[in-house]
Amino acid sequence: MQRIHQYLQENGPRFEQDLCNFLRIPSVSADTRCRDAIGQAAEWLKDHLTALGLTAECIATDGCPLVFAQSPPVDGAPTVLVYGHYDVQPPEPLEQWTTPPFEPTIRDGSVYARGATDDK
């Protein structure tokens with residue numbers, strides 16, 4: 001357990017920066033003006049997963065691209081599926097935000113931005 005805590009301590013700032021970079025992408029799937037941002041978010045995620053050692057690809061669909069990644073199978077290990085989404089809901093009404101929704105802000109140890117808790 002100590003090694004895990006040490007790893008998180010050493011890499012926490014990088015993880016935080018990665019999350020903030022991802023949150024800056026306005027991947028609002030309900031807004032057709034955000035189609036380029038949706039593609040950018042999919043590519044960012046694919047590249048990030050590849051950097052972590054997974055094989056990853058973006059698969060075109062009629063809507064948002066599907067990002068599929070996998071690691072090589074390990075004999076005797078169970079198969080684990082992780083599912084999530086990288087699109088977000090529209091941030092309106094904007095006047096209810098205390099900071100811009102796509103400019104992550106860290107307050108009291110928490111990250112505030114559209115998508116920070118669901119699901120980016």
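Readers should treat all values here as calculations from the given coordinates under stated rules, not as data from a laboratory. What you see is a predicted model, and the numbers here were worked out from it, not measured in a lab. Every residue, glycine among them, receives a Cβ derived from its backbone with ideal geometry; neighbour counts consider all protein chains shown.
Quick look at the numbers
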{"item": "Residue count, segment 78-103 (criterion: more than 21 Å from the chain's Cα centre (by Cα) and not in a loop (DSSP other than H, G, I, E, B))", "result": "3"}
{"item": "Flag if Thr61 is touching a Phe, Trp or Tyr at 6+ places or on another chain (Cβ under 9 Å), free of Cβ contacts under 8 Å to residues at least 12 places away in the same chain and either closer than 28 Å to Gly12 by Cβ or of a type in the set (S, T, N, Q) (or both)", "result": "no"}
{"item": "Test result for Glu103, acidic (Asp, Glu) and over 24 Å from Phe15 (Cβ atoms)", "result": "no"}
{"item": "Of residues in segment 30-60 being over 17 Å from Tyr83 (Cα atoms) and polar (S, T, N, Q), the one nearest to the chain's Cα centre (by Cα)", "result": "Gln40"}
{"item": "Residue count, segment 84-120 (criterion: aromatic (Phe, Trp, Tyr) and in contact with a strand residue (DSSP E or B) (Cβ under 8 Å, 6 or more places away or on another chain))", "result": "2"}
{"item": "Subset of segment 1-28 [part of a loop (DSSP other than H, G, I, E, B) and in contact with a helix residue (DSSP H, G or I) (Cβ under 6 Å, 6 or more places away or on another chain)]", "result": "Ile25, Pro26, Ser27"}
